[in-house]
Structure formats: structure tokens, C-alpha cells
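Q: Could you have a look at this structure, given as C-alpha cells, before my questions?
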Amino acid sequence: MSKADTIFAEMCRNIIDHGFSSEGQNVRPRWEDGTPAHTVKQFGVVNRYDLSEEFPAMTLRRTAIKSAMDEILWIWQKKSNNINDLNSHIWDEWADETGSIGKAYGYQLGVKHKYPEGEMDQVDRVLYDLKHNPYSRRIMTNMYTFQDLSEMALYPCAYSVTFNVTGNKLNAVLNQRSQDVLVANNWNVVQYAILVMMFAQVSGLEPGELVHVIADAHIYDRHIPLVEEMLTRPQYPAPKVTLNPAVKDFYEFTTDDILVEDYETNPQIKDIPVAV
């Protein structure tokens with residue numbers, strides 16, 4: 001059975017059974033009908049995924065792996081903040097009339113900084129260090145730039161990654177300030193698993209552990225019945241996910257370079273209500 005399913009199920013069970021409810025509090029999110037969107041949450045959830053053992057895609061419902069890769073390339077490779085560079089519509093509600101989401105996500109990764117080795121953005125700095133100084137304890141990125149927050153359509157949720165090499169394995173810690181568990185949990189896990197795989201491949205390393213730290217892991221009140229139903233479903237083995245081994249430059253990856261095999265899942269959950 002997929003270990004991602006086990007981790008997800010245990011996290012959700014713990015949130016629902018032992019989490020803190022926001023009922024009675026003045027909350028910002030609203031449902032489309034204007035009703036306050038309350039949550040039950042756990043603070044400081046930490047999940048670990050060993051990418052050397054299996055790819056962390058859930059089977060309780062299907063995760064669109066290629067679409068997840070497309071978004072991670074939009075942020076980390078294209079360093080874009082414009083939805084016209086993205087093939088899905090998940091950011092549409094946050095974009096202005098030009099398609100921009102402001103100085104958020106990819107914009108921050110593309111800002112150049114001065115180093116002794118020359119000017120580089122955050123992504124290029126990571127790639128440089130993984131090749132030239134892989135055992136550094138300073139290989140990290142951060143999209144939460146305080147002076148630019150007022151010009152972002154949405155403050156970054158998954159905002160920081162710390163990379164760390166152990167032997168020949170590339171590990172990463174993904175820090176996330178907030179997460180809608182039903183909608184986004186496995187999506188984010190799959191995205192950053194693919195990112196670690198890509199960075200490892202172009203750096204001559206092997207994928208190691210992905211550690212996902214979520215400050216506020218929450219399930220919305222209208223999502224609880226959907227999650228409860230999901231947890232009764234059968235679980236299947238994790239899919240086999242590989243990258244085109246011929247790609248040696250991070251900037252040459254496309255979604256055609258990922259191969260997903262033997263991905264058996266339960267039906268997708270349609271029309272999940274989203275609070276804004």
C-alpha cells in the first residue's frame with residue numbers, strides 16, 4: 001500500500017479526532033454563500049517521505065502528477081508570476097486582468113542577488129551549491145519576502161525549502177505556514193518530491209527524504225464528510241514515477257520528461273468546496 005496514503009490517513013484522523021476547532025472565532029475565509037469557513041486544525045504537523053523507497057502519491061484519490069509538475073516548473077523553472085505561463089487554472093481567481101499574481105512565488109525565486117561567485121537568483125544558487133558545495137548547510141530558498149507582501153495576491157503558503165545532502169542523497173525540508181489538507185496536501189508533497197528528484201538528477205545525486213513541516217494543517221468543516229469517506233476507501237501500491245535520465249539541465253525539464261506507471265487509484269472527489 002502507498003505510504004503516502006498511510007501518512008495522510010493518520011494525519012487526517014488525528015486532526016479530526018484531536019484537532020482544535022475555530023468555531024466561535026472570527027475567521028477570514030468564507031464559503032461562496034458568505035458563511036464563515038471554519039476549520040479543525042493541528043499545529044506543527046511533520047510528515048516524512050523517503051523518496052528512495054517509493055514515490056509519495058496517494059491512491060485514496062488521484063493526484064494529477066503531471067499537472068503538479070507543471071506548477072512546480074512554473075514557479076521554480078520559469079520563475080513566473082503570470083497564469084498565462086501555466087497550463088492549469090488553479091491560480092485564476094488570484095490573478096489580475098493581465099494574469100499576474102503580483103510579486104509572489106516565482107517572482108521571488110527569480111530576483112537576482114549578489115554573491116562572490118556572481119549574480120544569481122535563488123534557484124541558480126541552489127543548483128550551483130549542489131554541484132560545487134553539496135555538503136553546505138546553507139542551501140535554502142525563501143519566498144516570504146516581507147517588503148513585497150503587500151504586492152502579492154496571496155502570501156506564500158509553501159514558502160521555504162532547505163536542501164541537505166547526506167552521502168549521495170539529496171534531502172529537503174519543505175516549510176508551509178498553512179495548508180488546506182484535503183485540497184492541497186498530496187499535491188504539494190508530489191510537487192516537491194518531483195523537485196527533489198529533478199535537482200538530484202542534474203546534480204549527480206539520488207533522491208533522499210522529503211520532510212514536510214506544516215504550521216497550520218487544517219480541514220474545513222464542509223470537507224470533513226469528504227475526508228471521512230476517503231478514509232474508508234481501499235489503498236493501492238504507490239505508482240512508479242521516474243524522470244527522463246537524459247535530462248542533465250534543470251531548465252530543460254518539461255512535463256513530457258516524467259513517466260508515471262501503475263497508478264491505480266480510487267475515484268476523484270469532484271466539486272470540493274473551496275473557501276476564499
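Q: Conditions first: (1) out of contact with any Phe, Trp or Tyr (no Cβ under 6 Å at 6 or more places or on another chain); (2) not in a strand (DSSP E or B). Residue 242 passes all but one, so which condition is the exception?
A: Going through (1) out of contact with any Phe, Trp or Tyr (no Cβ under 6 Å at 6 or more places or on another chain); (2) not in a strand (DSSP E or B) one by one, residue 242 breaks only (2).
Q: Does the range 115-139 hold any residues that are assigned to a helix (DSSP H, G or I) and surrounded by 11 or more Cβ atoms within 10 Å (Cβ to Cβ), and which are they?
A: Within the range 115-139, 122, 123, 124, 125, 126, 127, 128, 129, 130, 131 qualify.
Q: Let me ask you something else. If a residue must be more than 19 Å from the chain's Cα centre (by Cα) and either modelled with pLDDT under 95 or under 18 Å from residue 79 (Cα atoms) (or both), how many such residues does the range 128-150 contain? Reasoning before the result, please.
A: Within the range 128-150, the first condition is being more than 19 Å from the chain's Cα centre (by Cα), and the residues that meet it are 128-138, 146-150.
Of the ones still in play, those that are also either modelled with pLDDT under 95 or under 18 Å from residue 79 (Cα atoms) (or both) are 128, 148-149.
Count: 3.
Q: Would it be correct to say that residue 193 is assigned to a loop (DSSP other than H, G, I, E, B) and crowded, with 21+ Cβ neighbours inside 10 Å? Let's see the steps before the verdict.
A: Working: assigned to a loop (DSSP other than H, G, I, E, B): no; crowded, with 21+ Cβ neighbours inside 10 Å: yes.
In short, no.
Q: Restricting to the range 9-37, what's the tally of residues that are within 25 Å of residue 155 (Cα to Cα) and either within 22 Å of the chain's Cα centre (by Cα) or assigned to a strand (DSSP E or B) (or both)?
A: Counting residues in the range 9-37 that are within 25 Å of residue 155 (Cα to Cα) and either within 22 Å of the chain's Cα centre (by Cα) or assigned to a strand (DSSP E or B) (or both) gives 8.
Q: Give me the pairs: first residue in the range 122-135 and without any contact (Cβ under 8 Å) to a residue 24 or more places away in the chain, second residue in a helix (DSSP H, G or I) and surrounded by fewer than 20 Cβ atoms within 10 Å (Cβ to Cβ), beta-carbon distance under 9 Å, and six or more apart or on different chains, which are they?
A: Within 9 Å, the pairs are 122/110.
Q: So if I check each of 169, 112, 103, which one is within 18 Å of residue 198 (Cα to Cα), open to solvent by 50 Å² or more (accessible area, probe 1.4 Å) and not hydroxyl-bearing (Ser, Thr, Tyr)? Walk me through how you get there before you give the answer.
A: Numbers: 112 fails: within 18 Å of residue 198 (Cα to Cα); 103 fails: within 18 Å of residue 198 (Cα to Cα).
Just one listed residue meets the conditions, 169.
Q: List the pairs whose first member sits in the range 163-189 and is under 15 Å from residue 274 (Cα atoms) and without any contact (Cβ under 8 Å) to a residue 60 or more places away in the chain, whose second member is open to solvent by less than 20 Å² (accessible area, probe 1.4 Å) and among the hydrophobic types (A, V, I, L, M, F, W, C), and whose Cβ atoms are under 6 Å apart, counting only residues at least 6 apart or on separate chains?
A: 179/214; 179/217
Q: Follow-up. Might you check whether a residue that is in a helix (DSSP H, G or I), open to solvent by 30 Å² or more (accessible area, probe 1.4 Å) and touching a helix residue (DSSP H, G or I) at 6+ places or on another chain (Cβ under 9 Å) occurs anywhere in the range 60-70? It would help to see each step written out before you state the result.
A: The first filter runs over the range 60-70 and keeps only residues in a helix (DSSP H, G or I), leaving 65-70.
After this cut, where a residue has to be open to solvent by 30 Å² or more (accessible area, probe 1.4 Å) as well, the list is 66-67.
Checking the rest, the ones that are also touching a helix residue (DSSP H, G or I) at 6+ places or on another chain (Cβ under 9 Å) come to 66-67.
Within the range 60-70, one or more residues are in a helix (DSSP H, G or I), open to solvent by 30 Å² or more (accessible area, probe 1.4 Å) and touching a helix residue (DSSP H, G or I) at 6+ places or on another chain (Cβ under 9 Å).
Q: I'm trying to understand the selection: among the residues of the range 230-241, which are touching a residue at least 12 places away in the same chain (Cβ under 8 Å) and open to solvent by 20 Å² or more (accessible area, probe 1.4 Å)?
A: So in the range 230-241, the residues touching a residue at least 12 places away in the same chain (Cβ under 8 Å) come out as 230-231, 233-241.
Within the range 230-241, 231, 233, 234, 235, 236, 237, 238, 240 meet the criteria.
Q: Confirm whether residue 152 is in contact with a Phe, Trp or Tyr (Cβ under 9 Å, 6 or more places away or on another chain), closer than 24 Å to residue 183 by Cα and surrounded by 13 or more Cβ atoms within 10 Å (Cβ to Cβ).
A: Working: in contact with a Phe, Trp or Tyr (Cβ under 9 Å, 6 or more places away or on another chain): yes; closer than 24 Å to residue 183 by Cα: yes; surrounded by 13 or more Cβ atoms within 10 Å (Cβ to Cβ): yes.
Yes.
Q: Search the range 18-50 for residues being among the β-branched types (Val, Ile, Thr) and open to solvent by 40 Å² or more (accessible area, probe 1.4 Å), and hand back the single one that is nearest to residue 226 (Cα to Cα).
A: Here is the first cut: in the range 18-50, the ones among the β-branched types (Val, Ile, Thr) are 27, 35, 39-40, 45-46.
Going one step further and asking which of them are open to solvent by 40 Å² or more (accessible area, probe 1.4 Å), we end up with 35, 46.
On the way: 35: 19, 46: 23 Å.
The qualifying residue nearest to residue 226 (Cα to Cα) is 35.
Q: Cβ-Cβ below 7 Å, separation at least six or inter-chain, first residue in the range 58-78 and under 20 Å from residue 226 (Cβ atoms), second open to solvent by less than 10 Å² (accessible area, probe 1.4 Å) and of a type in the set (Phe, Trp, Tyr): which pairs?
A: Taking only residues 6 or more apart or on different chains, the pairs are 58/8; 60/8.
The values are calculated or read from the model by the stated rules, or taken from the named source; none is laboratory data. The shown structure was predicted, so the numbers you read here are calculated from the model rather than taken from an experiment. Cβ coordinates were reconstructed from backbone atoms using ideal geometry, including for glycine residues, and neighbour counts include every protein chain displayed. These accessible areas exclude ligands, DNA and RNA; they are computed on the full protein's heavy atoms, side chains included. Shrake-Rupley method; radii C 1.70, N 1.55, O 1.52, S 1.80 Å.
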